[in-house]
Structures are given as C-alpha cells and as structure tokens.
Amino acid sequence: MKWRLGSLALLAIMLGWWVGHIHLETRLSVFFLGSEDPAARLVERFQRSVFARRYLLAIEAEGKGQAGLPAIADRFLEQLAGVPGVASAWPAFRPPFSLPDLMVAYAPYAPLIYSLDPSREAPALFSPADLAKRAQGLKRALLSPFGDLIQRIAPRDPLLLSLRAFSDWKDTLKGPARSARDFYPILLETRFDPFDVAHQRDLQRQLQEIFAQLAQNQGGSWRLRMTGVPVFAASAEQRVRRDVTRVSVASSVGVTAVLLLLFRSWKILPLLVLVLGFAFSAGGLVTQWVFGNVHALTLALGTTLIGVCVDYPIHLLAHCRAGRSAVQVAARLGPALTMGAMTTVIGYLALAATGYPGFQQVAVFAATGIVVALLATLTVVPLWSPGAGGRGPLIQPFDPWLRWCGRHRRWTLMVLGVLTLLAMGALSGLRWLDDLERLAGIDPLLKAEDRELRQRLGGVEPGRAVLVEGRKMETALKRSEAATRILRRLKSGGELSAFHGLYPWLVSRQLQRSNWEAYRQAVTQDFVVAWQRALLGQGLNSEVLGLQLPDSRPERWLPPEGAADTPLEEILPGQIDSNEDGVQLALWLGPHDAQAVSKALAGLDGVRYFSQRERINQLAAEYRQRAMMTLSFGVGVIMILLLLRYRSLGNALRVLTPAVVGLVFVFASFAALGQPVSFFQLIAAMLAVAICVDYGIFFFERRAGDARDTYRAMGASMLTTVAAFAALGLADNPALEALAVAVSGGVVGGYLICPLVIAGDEGPKVGHAH
Amino acid sequence: MARLIVLVWLACWARLGLGDDPAQRLKLSEPVQLSYKETRTLALLAQPWRGRGYLLADPQGTLVKLQLSPQRVIMAATPRELLYFDPASGERYRLPLPAPPPQAEGILVLQQLLRGDLESIRRRYRVDYEEDEQGWRLKLAPLSDDSPYRQVLLRGDAQGKRQVLVVIEQDGDRTVTEMTVDERGSQLSYTIARLLQEALGQ
C-alpha cells in the first residue's frame, strides 16, 4: 500500500510542479523558426520593437459618398486616449513625432550630413555659378507652404543642405497623396507586450465597442478594420489553444473509446491514466527545464503520446493471465517493450536532428514521456495490478485478416510485392511543399486584411528588409550608407517604391568627415562673398543667412545617438540591434522588385537582402533535406539495433519491412492524389516507422503469447495510436493535419503487413509462456 | 504659410461683417472673389515681399488664393486639405487637414468660427470685437505662449468693400493683406473648381 501511495504522491508532486512552473508559449514563429536563425532573430527583434506593439486601424464608410469620416475618426481618436493600455494613437498619415522640429535640430549638422557621396556630389552642389539660383530657391521656399520650416532652418543652414539629407523623408513631410474621404488610417501603439494576448484581446474588444457606440451616435454605416502583430498574435493564440483543446479532447476520448470497445472494462482506464500522467508531467517538466517554456503546439503533438504510451500497459495487461503475476509479465515483456520504446525514442529524437525548432521540443517532450511511460509500466503498473486480472481485447476485428494471412500468405505476399513495386514507381510523382507560411496555418482572412490595409497605406512591407551587420556601430553605419546609396538609385529607377533607412538620423563618422572636408574645400572666402551677393540679389537678409568660413574641424560631430532629443525608437522602430556578435541594422523596404534589390546589393560586405517569406521557405527546403537524411539515418539506426538484437539480417529486415512498406504506400497515395508533401510528412514517416517497428518486434518475439494474442494486443495498440494521431487531423493547423494522415496511414499499413512479412510460426519465441 | 491661407480664408468670411453675433453672420450665401495685395515682412527678407492676386471662396468652405505677382502660384484650402502649386518650379504639395499643431491652429479657429463655437475660441484667445461708424475690428490675442501667433487683427470699412488682415507671428514676422470685393455669384464656382483641378494636377 505504501508503494501505491508513494507512486500517487510522486505523480501529484510532478503534476503540481508542472502546473506551477510551466510557461506556455503560443508564438507560432518560435515553433516554426526558433530563435537561432537570422530570420528568427529579425522576427524576434521586430516582435520586440514598438512596430509590433502597433495596430493599424482603418475607419471606412460602408455606404458610398457617406460624409463625416474625419468627424467620427476625430472622436474615435479622442476616446482612444482614455483607453487603458493605449500609449498613443494618431492618424497614420501624420507621424507621431514632429519631423519639422527634428529637421531643425539636424540643421546645424548640415555640413556633416548633406550627402551620402560628397566626393561626387560636392562639385555640383557648391558650384559658385549656381549660387544666384540657390538664393532664388531659398526665397521661394520661404514663401512656400513650408515657409515656417524654412524660416527655422535657414538661419542655421542657409544653403538648405540638410533638406538634401532628408530628401528620402520628403514624402512624409508632404503628407499622403490620397484624401481621407473614404479611408481614415490610424496607428495605435499599446503599452502591452504584443504577445500579451489576454490584454491585447481585451483591448481589441474595447476598440470595437467604443467604435460601435460612436458609429451609432453618428448615424450612417461605418466599419472599423484592424491589423498588426497583436491581432495576428491573438488569432494565432486562439487557434493554437483551440487546436490543443480539440486534439487533446479528441485524442483522449478516441483512445478511451477504443479501449472500452476492445476491452469492455473501465478497470483498465485508471492504470492507463496513471501511466500517462507520469509520461506527460515528466515530458512537460523536462521540456520546460531544457527550453525554458513549453510550446502549445508541443502539447498538441504531445497528446499523440497517449496513443504511443498506452501501448506498454496494454501489452502488459493483455498478457496478465492466471498463474502470471504482473511483475512476472513485466519481467518477461521488459526486453521487448524496452526495444520497442527505444526504436520509438529514436524516431522522436530524429525529429530533433532535423534542426526544426518546434520538433526539438516535441522530441524532448516525447522521448522523456516514452521512457517514463515504459518505466511506469514496468514498475508502477504491477503495484496496482499485481494479480492475474488482466485480459486481452474482447473484440478482435483483425482476427479474420490474421487467418487470411495464415492461409494465403504466399500469394498475398506476391500481390503485396507487386503493389509495393508499383507504389515505389509512383513515388517519382511526389510533389514537395516548401511553404512554411502555409504550413503555419495563419488565418488567410487576417492575411488578406493585412495586405489590403498596408497596400492602401503604402508603407513598408513587414518581413522584407536589407540587413546590415558590423562588429561596431561605425562599421555597420558605413555599410548601411553604401546600401542606402544603392536603394536610392533603385528608388529613382522605380524598382523600389520607398524605404526606411538610418541616414541621415545616424551618420558614420567617416561620412561626416568626408562631408566636412568637401564642404571646407568648397566654402572659400570667394564663395562666402558670392553667396552674400546672391542673397542681396534676391532681397534676402544677408546678415542672418550669410555663411562663415569653416574651421579645420567642425564645432561638433553628429553624436552616435543622433541629434539631441531624437526619438530614435519611434523614427527607426526595430531597426537597430546589438549583441555580443556586433551591431545589426535593418533598412525596411516598401513594395519592390525583389530580384532587382537582391542583385543590386550583392557584393556589399555585411549587407544582404532579406525576405522573411523567402528565407522561411528556404528553411523549409533545408528542413526537408535534413528530414530525408534523418529518415534514412533513423531507419539505419533502428536496423542496426535490430541486427544487434537478432544477429540476423533476414530477421532484422522482417521486423523492419512492414513499417517501411506501409510508408511506401502512404507516400504513393500522396503522389497519386497530387497531395504535396512537406517535411512534416517526412517527419511523420520517421515516427510511423519508429512506432510500427514495435509491432514487428512484438509480433516477431511473441514472448508471452501465441501469434493471435500478440496480434490482438498489437491491434489494440495500433488502434489507440491511430486514434491519438487521427485526432491531430481535427486541428486547424495544416502541419498537424499532415502528421495525422501520414502517421495514421503508416501505422495501419505497417500493422496489416506484419503478419504477411512475419509468418505466425516464425521468430525466436523467446520466453514463450506456454 | 498654411496658417496664413486659413487666416485669409477667415478674413473672406469675416468681410461680410460680424455684427453683434459674428458666428451667425459667417455663412456665405454665394461664391465671392476678392482682389488682394499682400505684404510680408519677414526677418529673413532684407525688404518686404509683395504679392497680389485673387481670393475666391465658396459657401462649401473652399478658398483659393491665386497669386499672380510676382509669379503665378495657386494655394487652396478645402475642408480636407491644403493644396499648393507653383507652375514655375512644378512643385505641388497636398497637406491633409487637420494638420498637426501649430499648422492646425488656423483651421481650428476657422472651423470653430464656422460652427459658431466662439466659446472654444475664447478658451485659447481673447476675442475683442469693436464696431463704429468707420468700420469694424476683430482682434484675437492668444492666451497661451504656444500659439504660433502673437496677434491676429481683422478690420473692415463700414461699407464692407475693403478689409485688412494683419497677422503678427511670435517671431515678429508680419503679414498684411488688403482685400476688396471684386465679384460675386455662382459663376465663380466654375473658376474655383478649375483652379482646384489645376492645383491637384488633374
């Protein structure tokens, strides 16, 4: 009794620790990209930046020609200020910082920042012959709509050199080209972490409620649309949680139903729950310890362990008959169960070897769970079921198949051989799917909404950037300036619509020095006098707008953090990052010709074009190649283990063949149906092999029963495994669906092929009970 | 400049006379065209700058300032945006309304006047209105130092033919605009629309 209580206490402690310490991760990017890849680092940096905390909202009139949009938008903006969690909200066509004020702050640095290529541009820029024209331009600017700004800049920068530096930002100053008559975009920045889903969802609900009230008060038909990282995060979290709940409930119900149907007894369930409790809590704790969190998708995939882990107690209990205690059966079955568990663990560890971040977690979770389930089966189950109360399945749906195989084995085997050859021929028609975005199952409606809103706003495209790296900030800035020169050229050539670079907010010391030298050489005494004359010629105040002869060194350099009070995090959101490897800068891109941009940047040191989507798909292709290698390697390792155990190539092949042939049929079906195959199916293949080999081992060894009893117990195991994996098919996530089909198909195929490849009278029959 | 356009617009409306209830008298009943002469005295100009042209306004709240001298320039304010087009340089700008303060200040004043919301204006400006047999005078003095204006003064003769708008900015820059009624009638709507199209580049 005390051992029983002890086992319960241990389980309670493990579960308690689990509940108290598990940090559940729901970000899909963490599962699909991890945190080591450069793509992942960029995504993570993006996720940390203020960019990610921003919503893009849009108010639209649903009826054509409906007036009053600015009015409702203004009232909405007023009310947003009072919503908890809203840091600020502003019309998207107006930046949250005062660009004119910042340009005035940068004006004293004009001789240091005016050009990205001073050696080439300075001769034309400081041509004495053009001074009259420049003075005329200055006067015109003073009297233009930007006269207020020019009045503030010109006394500090009479040649208006700083305006050249800010030419990439000219569009921002001019405002949007379209009117806000039917579309009023608003940017809202929250105080909450973008992945603080509870708060973000609450905020989204409040926004909709406030807007609905305003729309009702104003009359007419209005619509509030929204997108942004928090919207995707809330949706993804909801979908993942729904998947986890759905899969775990379906998996548990399915396995329970299969067990009740087969065994017609409730008695077996508490023992299975006990084993699963140990397996899950141990898997969760070790995963948390190794990774610092447990991803929700790991839990969803982990529920398939139900189907795998119950195999061990089922086998044990199925062989507990009169005259055999559970301890004795455990001792007899131990080696075969251990061998089966090892091959399954190899299958799951092979997941980790693919390098796929999410599956590394799944591998640790499952491998731990399987080992602990085996230990619990061999040690805890006999404590609770010491006697001969066990029994095999009462319903034997596969007995007729076993009999058929016994009677017509030879020619059925021949048919199988022919079919296998045909299936292998069909494999050449397999199509590969390397689109991780599709596999991540991001809500297509949200994606479409996001695309449309961003296109209408015409801003940068999230996920596409030019990445610049350097050991030090100065190096990174120099490289980013080289990239900016090229981006400007692409923009003027129409291959790039817009970009957000770091120039002139941050300028390398080298470029500042080059600018200053060119300026100093150009602004001579003659130049100063000529400018004076040009000013007078235009009726401009030469005392205020006159030039001084430059000294050998500037009065001060532009500091590394930009001019005083420059809100860099607002202006350059997510664009600057540094760690022990150095400094990473990102230049965000607007709509562009990817090939042209990539080609133009090729050859620049420390600069590369980055497309999150392309990188992700490239990763998927790499994962697939690794999965192929892993599959081959995993099958090889299992084969070696079988060889070591049976010391016969023929026997090892017999045990392995059902699993492999089963998979050949599954993949041939994919090819025949035109279903594209991703690396998820390859991973599933590895799992199916690992699980199916158990059947081969059990059927070949038949330690505690005859072929029929063993096949029945295997049938129960197979059905529970299929029930567990089939539950994945209920998930919205396409990756989980892929796993469901491939594993279930492979396991059923392998199980059916077993008695064909391994004859009922074959095998060592080690420790036969009768 | 944006602020100035708006204030000139304000002057166009105000030229109809404010009387005892200025808010009620602000509504234009038909389009109007005024000729104007503008003198700007800026710290950065050695001598005052002078310009002249026409101002056109309609009851829908659109104002077009067509500068003819020293060179042709179109500036316009619609309820949604400010437009600028300099045919000589080809420069064309569109600034959405409401623009950020301080550019929005002028339009805000105007909108509140048009709504008859003098209370809101009085929260930011001290409003003095005087009228005698010579004419009338409206003076707005900001209550806060943040205002872009030090003072706005609008005065008109008793006959309602000539008005003068004086805007003194915080840095001392001063703009004086003299306006006289030139024409009125619905036929001006066509001219306003055509100038707006030209400013938009359509």
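The values are calculated or read from the model by the stated rules, or taken from the named source; none is laboratory data. A quick note: this is a predicted structure, and the numbers were derived from the prediction, not measured. Every residue, glycine among them, receives a Cβ derived from its backbone with ideal geometry; neighbour counts consider all protein chains shown.
Do you know which of the residues in the stretch A:542-566 that are farther than 23 Å from A:Ala129 by Cβ and surrounded by 14 or more Cβ atoms within 10 Å (Cβ to Cβ) is farthest from the chain's Cα centre (by Cα)? Full working, then the answer.
Filtering the stretch A:542-566 down to residues farther than 23 Å from A:Ala129 by Cβ leaves A:543-544, A:551-566.
Adding the requirement that they be surrounded by 14 or more Cβ atoms within 10 Å (Cβ to Cβ) leaves A:544, A:554, A:557-558, A:562-563, A:566.
Values: A:Val544: 57, A:Pro554: 48, A:Trp557: 42, A:Leu558: 39, A:Gly562: 34, A:Ala563: 37, A:Thr566: 33 Å.
By that ranking, first place goes to A:Val544.
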Requested in this report: For B:Val166, work out the one condition from (1) closer than 29 Å to B:Pro48 by Cβ; (2) over 17 Å from the mean Cα position of the chain (by Cα); (3) at pLDDT 85 or above; (4) hydrophobic (A, V, I, L, M, F, W, C) it doesn't fulfil.
Outcome: (2)
Requested in this report: Can you confirm whether the stretch A:417-438 contains a residue that is touching a Leu at 6+ places or on another chain (Cβ under 8 Å) and either within 30 Å of A:Pro676 (Cα to Cα) or at pLDDT 85 or above (or both)?
Outcome: yes
Query raised in the report: In the stretch A:59-87, what residues are away from chain B (no Cβ under 13 Å) and farther than 14 Å from A:Leu214 by Cα?
Result: A:Glu62, A:Gly63, A:Lys64, A:Gly65, A:Gln66, A:Ala81, A:Gly82, A:Val83, A:Pro84, A:Gly85, A:Val86, A:Ala87
Requested in this report: Counting only residues that are within 30 Å of A:Leu467 (Cβ to Cβ) and at pLDDT below 70, give me the helices (runs of 4 or more DSSP H) lying completely in the stretch A:1-76 with at least 2 of them.
Outcome: A:28-33, A:38-48
Report summary line: Of (1) touching a Pro at 6+ places or on another chain (Cβ under 7 Å); (2) closer than 25 Å to A:Val273 by Cα, A:Val693 satisfies every one except (1)
Query - Only one of A:Leu333, A:Leu337, A:Leu351, A:Leu316 that is within 27 Å of A:Val240 (Cβ to Cβ) and out of contact with any Gly (no Cβ under 7 Å at 6 or more places or on another chain) - result: A:Leu351
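Which of the residues belonging to the stretch A:337-348 are among the small types (Gly, Ala, Ser) and under 12 Å from A:Asp311 (Cα atoms)? So that I can check it myself, show each step before the final result.
Narrowing the stretch A:337-348 to residues among the small types (Gly, Ala, Ser): A:340-341, A:347.
Matches in the stretch A:337-348: A:Gly340, A:Ala341.
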Report summary line: By residue number, the members of the stretch B:16-48 that are at pLDDT 85 or above and surrounded by fewer than 19 Cβ atoms within 10 Å (Cβ to Cβ) are B:Ser35, B:Lys37, B:Thr39, B:Thr41, B:Ala43, B:Ala46, B:Gln47, B:Pro48
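Return yes or no: is A:Pro185 within 14 Å of chain B (Cβ to nearest Cβ), crowded, with 18+ Cβ neighbours inside 10 Å, at pLDDT below 80 and farther than 30 Å from A:Val523 by Cβ? So that I can check it myself, show each step before the final result.
On the way: within 14 Å of chain B (Cβ to nearest Cβ): yes; crowded, with 18+ Cβ neighbours inside 10 Å: yes; at pLDDT below 80: no; farther than 30 Å from A:Val523 by Cβ: yes.
No; evaluated as a whole, the condition is false for this residue.
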Report summary line: Taking the stretch B:143-157 and keeping residues more than 14 Å from every other protein chain (Cβ to nearest Cβ) and either under 16 Å from B:Ser120 (Cβ atoms) or exposed (fewer than 11 other Cβ atoms within 10 Å of the Cβ) (or both) leaves B:Leu143, B:Ser144, B:Asp145, B:Val152
Report summary line: For the stretch B:156-169, pairs from a residue that is closer than 13 Å to B:Glu131 by Cβ to a residue that is basic (Lys, Arg), with Cβ under 9 Å and 6 or more apart or across chains, are B:Gly156/B:Arg15; B:Gly156/B:Arg137; B:Gly156/B:Arg162; B:Gly160/B:Arg15
Report summary line: Of (1) without any contact (Cβ under 8 Å) to a residue 24 or more places away in the chain; (2) touching a Leu at 6+ places or on another chain (Cβ under 9 Å), A:Lys599 fails just (2)
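Does the stretch A:497-516 contain any residue that is within 14 Å of chain B (Cβ to nearest Cβ) and over 25 Å from A:Ala105 (Cα atoms)? Give the derivation first.
First, the residues of the stretch A:497-516 that are within 14 Å of chain B (Cβ to nearest Cβ): none.
Among the residues of the stretch A:497-516, not one is within 14 Å of chain B (Cβ to nearest Cβ) and over 25 Å from A:Ala105 (Cα atoms), which makes the answer no.
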Report task. Would you check if B:Val152 is at pLDDT 85 or above and among the β-branched types (Val, Ile, Thr)? Result -> no
**Report entry** Every residue from the stretch A:649-683 that is among the β-branched types (Val, Ile, Thr) and under 13 Å from A:Gly746 (Cα atoms)
**Finding:** A:Thr657, A:Val660, A:Val661, A:Val664, A:Val666, A:Ile683
Requested in this report: Search the stretch A:373-385 for residues that are over 20 Å from A:Met339 (Cα atoms) and pair each with any residue that is of a type in the set (A, V, I, L, M, F, W, C) and not in a helix (DSSP H, G or I) when their beta-carbon atoms are under 9 Å apart and the residues are at least 6 apart or on different chains.
Outcome: A:Ser385/A:Cys320
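Looking at A:Asp157, is it more than 10 Å from chain B (Cβ to nearest Cβ) and modelled with pLDDT under 85? Show your work before the answer.
Working: more than 10 Å from chain B (Cβ to nearest Cβ): yes; modelled with pLDDT under 85: no.
It is false that A:Asp157 is more than 10 Å from chain B (Cβ to nearest Cβ) and modelled with pLDDT under 85.
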**Report entry** Any hit, the stretch B:63-77, residues being away from chain A (no Cβ under 12 Å) and over 19 Å from B:Glu198 (Cα atoms)
**Finding:** no
